Amino acid sequence: MSRKRTSFRTELPLLVWLVVVWGALWRDFSPGNLVFGALIALVVARVFYLPPVELSGRFNVLRAIPFVVVFLGKVVAASFQVLYLAVFRGPSVTNAVVAVPLRSRSDLMVTATGHVISLIPGSLVVEVDRSTSTLYIHGINVRSDADIAKLRKEVQDTEASLIRIMGTRAEMDAIQAEGWPATRGARA
Amino acid sequence: MTPNATGVDAAIDAVTAVLLIVGAIMSLGAAIGLLRFPDLMSRMHAATKPQVLGLFLVLAAIGLQMREWWVWPVLAVAWIFQLLTVPVSAHMVGRAGYRTRHLHPELLSVDELEAVVLRAAGQRAEEKAEGEPGMPRMRDGATPGPD
């Protein structure tokens, strides 16, 4: 087989996650069960090969914790917003599809941004352009240019936060040069 | 729930009750949204957001009532899988819906994807008509490969 061998370090987050799922499903976190789970995780990761996720090699826990707290708050806000719109606005809601160019070219970063954006208020990813890292976002209750600018800024700020947590050095430098949290206009 | 509970038990029961009710209201909100929103993509908003929070609240209530430590990892895994899969499914449905024109253009204040899709469609039609494989192709958003 000609495929590239994934290094153990790259595989480690996946293996840890698989062991946690194994322990959770057996409701048993005793060392014996975890070791057996780790063996199975290794076999599964080797036999059912997936393209490795390219991590940047850095993860800032201090920035991740506030991000997670803010994220959970936004999930709550999003739910109440949709509830409000569903009950009081209903059929007359106005939407928009907006192109938002991202800074990062890494698949992981685009995926993470897309996931977070889909769960926070008012936005959903309709289309991803991998070659130019552009997300096409469907925004609910977007009526004016100001709303569009707000949506675009929200997406790019989310990406900036994610880069600060787990982006590469180069991406970090790009953000710093930009004077975060400044925003860029769309390259329509 | 324990009948005639006092002290800590009563407090936990009260919190559980609040979590269950708010969670149920969130799921109800998702259902109302599905009925009342006018097009597919606004419905996807209703199908994703309140439901994720609703599930979280109901799972938290289960965790409080079970009083067993082992239940928390199971609930956490269940919710994390929900967080990971919901945006993907919403994206796939929304994407397919956009491509098959299941949308009401009059409800969109701006549509920056339309031009891109039209351009790609036009290019494909042109290529078919001329049959020239060597034509320079612009890479744009409407044709991300299956990679």
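The values are calculated or read from the model by the stated rules, or taken from the named source; none is laboratory data. Model, not experiment: these values are computed from the prediction. With ideal geometry, Cβ positions are generated from the backbone for all residues, glycine too; neighbour counts draw on all protein chains shown.
Here are some notes:
- In the stretch A:94-113, the residues that are within 11 Å of chain B (Cβ to nearest Cβ) and either of a type in the set (Lys, Arg) or crowded, with 22+ Cβ neighbours inside 10 Å (or both): A:ASN95, A:ALA96, A:VAL97, A:VAL98, A:ALA99, A:VAL100, A:THR113
- Selected residue (only one of B:ALA90, B:ALA47, B:ALA30 is under 26 Å from B:HIS104 (Cα atoms), touching a Pro at 6+ places or on another chain (Cβ under 6 Å) and in a helix (DSSP H, G or I)): B:ALA30
- Matching residues in the stretch A:21-39 - criterion: being closer than 16 Å to B:VAL77 by Cα, within 12 Å of chain B (Cβ to nearest Cβ) and either over 29 Å from the mean Cα position of the chain (by Cα) or small (Gly, Ala, Ser) (or both): A:GLY23, A:ALA24, A:ASP28
- Residue within the stretch B:91-99 that is at pLDDT below 75 and loosely packed, with under 14 Cβ neighbours inside 10 Å present: no
- Look at (1) touching a Leu at 6+ places or on another chain (Cβ under 7 Å); (2) at pLDDT below 90 and you find that A:THR6 fails only one, number (1).
- Candidates B:VAL93, B:VAL86, B:VAL74, filtered to the one that is farther than 30 Å from B:GLU114 by Cα and either out of contact with any Phe, Trp or Tyr (no Cβ under 9 Å at 6 or more places or on another chain) or not hydroxyl-bearing (Ser, Thr, Tyr) (or both): B:VAL74
- Any pair with Cβ under 6 angstrom, 6 or more apart, that starts in the stretch A:105-130 at a residue that is in contact (Cβ under 8 Å) with a residue 40 or more places away in the chain and ends at one that is buried (at least 20 other Cβ atoms within 10 Å of the Cβ) and not in a helix (DSSP H, G or I): A:ILE117/A:SER123; A:GLY122/A:GLY139; A:GLY122/A:ILE140
- Residue that is surrounded by the fewest Cβ atoms within 10 Å (Cβ to Cβ), among those in the stretch A:121-140 that are more than 7 Å from every other protein chain (Cβ to nearest Cβ) and farther than 20 Å from A:GLU171 by Cα: A:PRO121
- Single residue of the stretch B:43-66 satisfying the filter (small (Gly, Ala, Ser) and touching a residue at least 24 places away in the same chain (Cβ under 8 Å)) that is farthest from B:LEU113 (Cα to Cα): B:ALA61
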